[in-house]
Amino acid sequence: MTVSIYRTPRGFDDLVLAADGDALTGLWFEGSRNAPEVRPGGGARETPVLHETRRWLDAYFSGRQPDFAPPYRIDGLTPFRRDVVDAILAIPFGATATYGDIAAAIARKRGLARMSAQAVGQAVGWNPICLVVPCHRVVGVAGALVGYGGGLRNKVALLRLEGAGLQDRRSFVASSSYWRV
């Protein structure tokens, strides 16, 4: 595994990137509980996947949704976590959805009367590849900014960068095909 640092623009903590030879396997804000430590002067070798990830991050931090994704792999996905990741990936740049929105959508998809928003929150918090799998777009009831492993300061800054507003969440939930399953 190759671990490297991405220097973010001012107002964000730096990011830790982890990759194997073929795919990005982790992306965390520095200091996040699951982020590996990067040794000072460790100078990770620049691999094609790290280069693509840096290119994606450069585009993202310029304030626009990149039109490509770096190759990534999420190990340890259970069927439930896969459903949560799919729901997160369906939230467009600049929009948000609540844990409850995701729980209700997954319950409908699975033919269940209801599903726990707390279980969704745990799966969202487990996400090892922030930004590319945009878990920062998931908010609490009534848009409360809660539960971000990269720190609430970074979550607020990311949502501001994207121009996200709560009215976007309502129109997204109503219009996205994921939510109508």
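The values are calculated or read from the model by the stated rules, or taken from the named source; none is laboratory data. Here the structure is a predicted model, which is why all the values come from computation and not from measurement. Heads up, the Cβs are rebuilt from the backbone with ideal geometry, glycines too, and the neighbour counts pull from every protein chain shown.
One table, with the values for the structure above:
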| quantity | calculated |
| --- | --- |
| Residue check for residue 50: in contact with a helix residue (DSSP H, G or I) (Cβ under 7 Å, 6 or more places away or on another chain), surrounded by 12 or more Cβ atoms within 10 Å (Cβ to Cβ) and on the phi < 0 side of the Ramachandran plot | no |
| Residues (modelled with pLDDT of 85 or more and assigned to a loop (DSSP other than H, G, I, E, B)) located in the range 37-65 | 47, 62, 63, 64, 65 |
| Residue check, residue 5 without any contact (Cβ under 8 Å) to a residue 60 or more places away in the chain and under 29 Å from residue 119 (Cβ atoms) | no |
